[in-house]
Amino acid sequence: MVLAVAGALLAGCQAPAPVGDSSPGDPLTRTWKEGDRIAAPDLAGTSLDGDPVRLSDFRGEVVLVNAWASWCGPCRAEAPELERIRRKWSGRGLRVLGVDNDSSRDGGRAFQQDVGLGYPSLHDPLGKQLARLPKGVVNTRGLPYTIVVDPAGKIAATRTGQVTEARLAVVFGPLLAR
């Protein structure tokens, strides 16, 4: 069992999908109806550039919180897609907040520059901020994963593994239309 999980992590930087999935047809995505959503913790700290950043700074907007690390292949592959999503949808009230799991800011900053990310990334090398997520919301043992936070600051959906605009827009699109 340990070898299987270790192999999955090394092969794709992601662990198996969470148990209790609520999204038929996509075993790596979970969604919650408005009345069933729980509050997202106020992830806070400093960005890779040393600026203060808090999830609550984006209250009233839909936020994609994306956990990544520069050494993670799928994280590298999805980063340009997240930047495209940010550019296309930011005028409609969508924000992207990265959460960098690199041990050093230098690695995270280099990645951010190489990929051309225009959104802030909270530096969380020990995973302390992400450990504050409610248990069972998303599997935090592998990267990447994305959390969709609604304008009220509640978790609307999570996605384990690499994201695409098509998969995410199904969730965040209706939240922006309100």
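Residues that are charged (D, E, K, R), more than 19 Å from G107 (Cα to Cα) and part of a loop (DSSP other than H, G, I, E, B) within region 45-89 comprise R59, E61, listed in sequence order.
The condition of being of a type outside the set (A, V, I, L, M, F, W, C) and touching a Cys at 6+ places or on another chain (Cβ under 6 Å) holds for P74. Among the residues of region 42-56, those that are charged (D, E, K, R) and either in contact with a Leu (Cβ under 9 Å, 6 or more places away or on another chain) or modelled with pLDDT under 95 (or both) comprise D42, D49, R54. Picking from T46, T31, which residue would you name as being open to solvent by 30 Å² or more (accessible area, probe 1.4 Å), touching a helix residue (DSSP H, G or I) at 6+ places or on another chain (Cβ under 8 Å) and of a type in the set (V, I, T)? The unique qualifying residue is T31. Would you confirm whether any residue within region 12-29 is out of contact with any Lys or Arg (no Cβ under 7 Å at 6 or more places or on another chain), assigned to a helix (DSSP H, G or I) and either farther than 17 Å from I155 by Cβ or modelled with pLDDT under 95 (or both)? Yes, because at least one residue in region 12-29 is out of contact with any Lys or Arg (no Cβ under 7 Å at 6 or more places or on another chain), assigned to a helix (DSSP H, G or I) and either farther than 17 Å from I155 by Cβ or modelled with pLDDT under 95 (or both).
Which is touching a Leu at 6+ places or on another chain (Cβ under 7 Å) and surrounded by fewer than 18 Cβ atoms within 10 Å (Cβ to Cβ), of R59, R92? Result of the check over R59, R92: R92.
Just one of the numbered conditions (1) in contact with a Pro (Cβ under 7 Å, 6 or more places away or on another chain); (2) within 25 Å of G35 (Cβ to Cβ); (3) small (G, A, S); (4) at pLDDT 95 or above is not true of A157: (1).
Residue-by-condition table, conditions (1) within 17 Å of P74 (Cβ to Cβ); (2) in contact with a helix residue (DSSP H, G or I) (Cβ under 6 Å, 6 or more places away or on another chain):
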residue	(1), (2)
L97	no, no
D102	yes, yes
D106	no, no
D114	yes, no
L117	yes, yes
K128	no, no
K135	no, no
T140	yes, yes
V148	no, yes
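Give me the residue from region 120-178 that is open to solvent by less than 10 Å² (accessible area, probe 1.4 Å) and hydroxyl-bearing (S, T, Y) and, out of that set, farthest from V65 (Cα to Cα). Filtering first and then ranking leaves T160.
Tallying residues that are over 15 Å from the mean Cα position of the chain (by Cα), not hydrophobic (A, V, I, L, M, F, W, C) and not in a helix (DSSP H, G or I) within region 137-178 yields 2. Here are some residues: A39, A69, A110. Which one is open to solvent by 60 Å² or more (accessible area, probe 1.4 Å) and touching a residue at least 40 places away in the same chain (Cβ under 8 Å)? After ruling out the rest, the residue left standing is A39.
The test for being part of a loop (DSSP other than H, G, I, E, B), polar (S, T, N, Q) and surrounded by fewer than 17 Cβ atoms within 10 Å (Cβ to Cβ) holds for S103.
Flag: R86 matches the condition of being touching a Phe, Trp or Tyr at 6+ places or on another chain (Cβ under 8 Å), open to solvent by 10 Å² or more (accessible area, probe 1.4 Å), within 14 Å of E165 (Cβ to Cβ) and touching a residue at least 12 places away in the same chain (Cβ under 8 Å).
The values are calculated or read from the model by the stated rules, or taken from the named source; none is laboratory data. Here the structure is a predicted model, which means the values were calculated and not measured. Cβ atoms come from the backbone with ideal geometry, glycine included; neighbour counts cover every protein chain shown. In case anyone asks, the SASA skips ligands and DNA or RNA and just uses the protein heavy atoms, side chains included. Shrake-Rupley method; radii C 1.70, N 1.55, O 1.52, S 1.80 Å.
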